[in-house]
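Sharing a structure below in structure tokens format, with a few things to ask.
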Amino acid sequence: MPKRKILFISGTRADFGKIRPLIQALDNDARFEHSLFATGMHTLARYGFTVDEIFKTFGSARLEKGFRNVHVFMNQVHGESMDLVLANTIFGLSRYVSEYQPDMIVVHGDRVEALAGALVGSMRNILVAHIEGGELSGTIDELIRHSISKVAHLHFTANEETRDRLIQMGERRESIFTIGSPDIDIMLSDDLPDLEEVRAYYGIPFERYAVALLHPVTTNPAETRREARAMVKAMLASPHNFVVIYPNNDTGSDFILQEYECLKGHARIRIYPSLRLTSFLTLLKHADFLVGNSSAGVRETPVYGVPSINIGSRQANRFVCPSIANVAGRVPDILTAMENARAATCFEPVYHFGRGDSARHFRAALADEAVWQTPRQKQFVDIIQPLPTPQPQAEKTGPRSRRLALVK
């Protein structure tokens, strides 16, 4: 098999956590060369300039192990609309692809940066691999995720449920590989820092705490404002300690950040624009509960058996299990859920999204030459037999037909 060039795209701290194990799985494998296009939130100081974490993860010490390049592209300034961010990303990525000439573009999830990568790849006849397609999401995320799936040539899903959903969407069974959620590889690894180390590094004085992480509901700005205000009021009214992490940079994030101004300087609360992935996972693993509307409360907390409180509609119709409490964005409901979560006994771990071996399955798939022969021209696959084409009926020649003809 010829050496293949694989371009990974990351626009947020969250999707970097998903693709990081996949990139590392290709280290020291002579069959592959890989590069990372870093953009989106990674380049914004307001959200912690997380491109620094990328360089710390894949810095000069790793170059000798085969990591070729990190290309940084600033695709937005604060406040630009999602459509402009999409257009900007396509522009910058298209130029980079012209220079790098990858054989495959790997994108994750439901962000506009991933959609840009899928569009650029498909229009240039480059294989597009989509990580974690077939999921259900709230707000505009679900539209973006399914759009990426319809543009992508290959799919690496978290479980059979999402695989079946892609088949329902008309995707080829041969192009779908169920590998689990890649960030669980990190969650269940021995590479996480100790809690005391994380607390000392970030100046977190609490022995017991909850994590708060709220994102905008892009399709309903009014809901975002209401939920942010209710969560902040509930946090101030409760006796718990909180580690608060900034939202993502979707439209409506300003509403959340405005409400967070009330929390600054409070003795029970610490606020951070961003945390290193491994530090975040350590904090999550030892938290009393997670409150907000992040997908971490649906996908990651069940793996650790940590209770989560999901506020509002952003995660509507997603996975549910006993450790997840779905509540409306009202202060009394949030407070009650907090008390129940704090009092809850430890839940059993749930591995609905994988068991920590995603990277191994991903590398095995890419090692199969048949994957690289996947047709670039996609065809919709029907899962039911099409209805028969109606046949023209023979003209009636009985007495009534003759009378109608005379009337005409």
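The values are calculated or read from the model by the stated rules, or taken from the named source; none is laboratory data. In this text the structure is predicted, and so the values were computed from the model without any measurement. Methodologically, a virtual Cβ is constructed for each residue, glycine included, from the backbone with ideal geometry; neighbour enumeration extends over all protein chains shown. What goes into the accessible areas is simple: the full protein's heavy atoms, side chains included, and nothing from ligands, DNA or RNA. Shrake-Rupley method; radii C 1.70, N 1.55, O 1.52, S 1.80 Å.
Quantify, in whole percent, the carbon and sulfur part of the accessible surface of the chain (1.4 Å probe; protein heavy atoms only). Display every interim value, and only then the final one.
Details: 9690 of 18520 Å².
Reported share for carbon and sulfur atoms: 52 percent.
Under a 1.4 Å probe, what is the accessible area of the chain per residue, stated in Å²?
Numbers: 18520 Å² over 408 residues.
I get 45 Å² per residue for the chain.
What Kirkwood hydrodynamic radius, in Å, does region 112-196 give when the mean of 1/r is taken over all pairs of distinct Cα atoms and then inverted?
The Cα-based Kirkwood calculation yields 13.8 Å.
Further question: Length gain on complete extension for the stretch residue 78 to residue 150, per 0.36 nm per residue less the alpha carbon to alpha carbon distance? Spell out each step's value before the answer.
Working: separation 72, 0.36 × 72 = 25.92 nm, distance 2.96 nm.
Contour length minus the Cα-Cα distance gives 23.0 nm.
Here is a further query. Would you tell me the accessible area of residue 206, worked out with a 1.4 angstrom probe on the heavy atoms of the protein chains, in Å² to the nearest 10?
Accessible area, nearest 10 Å²: 20 Å².
Which is farthest toward the positive dipole end of the chain among 137, 359, 277, measuring Cα position about the Cα centre, with Cβ charges +1 (Lys, Arg) and -1 (Asp, Glu)?
Of the candidates, 137 comes out farthest on the positive side.
Follow-up. Could you work out [θ]222 nm for the chain from helices alone, using -39500 (n - 2.57) per DSSP H run of at least four and dividing by all its residues? Round to the nearest 500 deg cm²/dmol. Display every interim value, and only then the final one.
Working: 18 runs with 166 residues, N = 408.
Taking each H run of at least 4 residues, the total per residue is -11500 deg cm²/dmol.
How would 52, 382, 250 line up by accessible area, probe 1.4 Å, largest first? Please list the in-between numbers first.
Details: 52 75, 382 100, 250 10 Å².
Heavy-atom accessible area, descending, gives 382, 52, 250.
Further question on the same structure: Which option, [x] 1.07; [y] 0.96; [z] 1.10, is the value of Rg/Rh (Cα atoms, Kirkwood Rh) that was calculated from these coordinates?
[x]
Taking R0 as 30 Å, what's the FRET efficiency between residue 5 and residue 380 from their Cβ-Cβ distance, rounded to 0.05?
Once the sixth-power term is evaluated, E becomes 0.55.
Further, regarding this structure: Taking amide H positions as placed 1.01 Å from N in the peptide plane, with prolines and chain starts having none, which residues 5 or more places from residue 32, or on another chain, fall under 5 Å of its amide H?
Amide H neighbours of residue 32, under 5 Å, 5+ apart: 4.
Ranked from the most accessible area to the least, with a 1.4 Å probe and all protein chains present, what is the order of 342, 163, 208, 330?
330, 208, 342, 163
Let me ask you something else. For 321, 346, give me the order by solvent-accessible area with a 1.4 Å probe, most accessible first, ignoring ligands, DNA and RNA. Show your work: numbers first, answer last.
On the way: 321 20, 346 110 Å².
Per-residue accessible area, sorted high to low, gives 346, 321.
Please tell me the relative contact order of region 116-233 in percent, rounded to the nearest whole number, where contacts are Cα pairs under 8 Å and at least six residues apart. Intermediate values should be presented prior to the final figure.
Working: 112 pairs, mean separation 24.2, N = 118.
Reported as a whole number, the value is 20 percent.
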